[in-house]
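Read-outs: derived from the displayed coordinates by stated rules, not from any lab. Owing to the predicted nature of the structure, the values given are computational and were not obtained by experimental measurement. Using ideal geometry, Cβ is built from the backbone for each residue, glycine included, and neighbour counts are taken over all protein chains shown.
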Amino acid sequence: MFVGAHRRPEAVAMSVEHHRSLGEAVQRREAVDDALASVRAFA
């Protein structure tokens, strides 16, 4: 749920489960970025 005037969100409400899954997705993305950086360094 987005909260704010004029379609500009000032706050976002979400379930704890969804927040955790987003955090895990961020961690996986960072791991992929690190791995790609290592591969590119040797290319």
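Charging the Cβ of each Asp and Glu at -1 and of each Lys and Arg at +1, and nothing else, the dipole of the chain about its Cα centre rounds to 180 debye.
What ranking of His19, His6 emerges when the number of other C-beta atoms within 10 Å of each C-beta is taken as an exposure proxy, fewest first?
His6, His19
Pair-distance distribution of the chain: all C-alpha pairs, bin width 5 Å, starting at 0; shares per bin in whole percent are 5, 19, 13, 12, 15, 11, 10, 8, 5, 1.
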